[in-house]
Amino acid sequence: MREGGVLFASLIRTVVLKESGADTKIGPMIGRMTSFAHKLMTGVQGLLMLKRATASLALIICGSVSARTPSVPVEKSCREHPQIIGKCFTVHGRLSVYNGNPAVRLRRSGTKRILGVSDQRFSLPEYRNIPESLMKELGGENEIVADFLVCPFTRQKPGEMQLICIESAKNVAVRSRH
């Protein structure tokens, strides 16, 4: 029984050091745990405690490996976009998906003016031009009526669609388009 414990402990040390690329901070800890495992290898209680020690060792290894994995970058909001050309403003209107580009458009209530949510020209990987919650609600069959806080990418010109991004929406009502 004691021989099996020695083999198991040295196997743990070898696998952990090779697979995790452990440095000097983890090595001594593994040495203490494996010598502790030698002492525990006597009797049934020793086996149960060895299982617990092995599980703890696995958690330590997983923690050290996950600490080295790069985190997923958080997308920044529309208001922080570097290509915004003016102050953000509030628009009451109807947000829908259309055929063409940009596909997501905001029609201002009481006017014929249509604002386009830029999805190509002003698209940057770390910035979100429309909140994910609005995109989920929108789908292809719905429209959203709300007070939108929008930020301009282009200047307003007669006869041209102004490109914007949407920071947020208040007083949201989702309706079916049909």
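None of the figures in this text is laboratory data; all of them are computed from the coordinates on show. Quantities reported herein were computed from a predicted structural model and do not represent experimental measurements. Note: ideal-geometry Cβ built from the backbone for every residue, glycine included; neighbour counts use all protein chains shown.
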**Item:** Rg over Rh [alpha-carbon atoms, Kirkwood Rh] for the stretch 78-176
**Value:** 0.92
**Sequence ranges 168-175, 124-131, ranked by mean other-Cβ count within 10 angstrom, highest first** = 124-131, 168-175
**Message:** Using a 7 Å offset from Cα along Cα-Cβ at Arg108, what residues in the stretch 164-178 end up with backbone N under 17 Å from the label point?
**Reply:** 164-167
**Item:** For Thr154, Thr111, order by how many other beta-carbon atoms lie within 10 Å, fewest first
**Value:** Thr111, Thr154
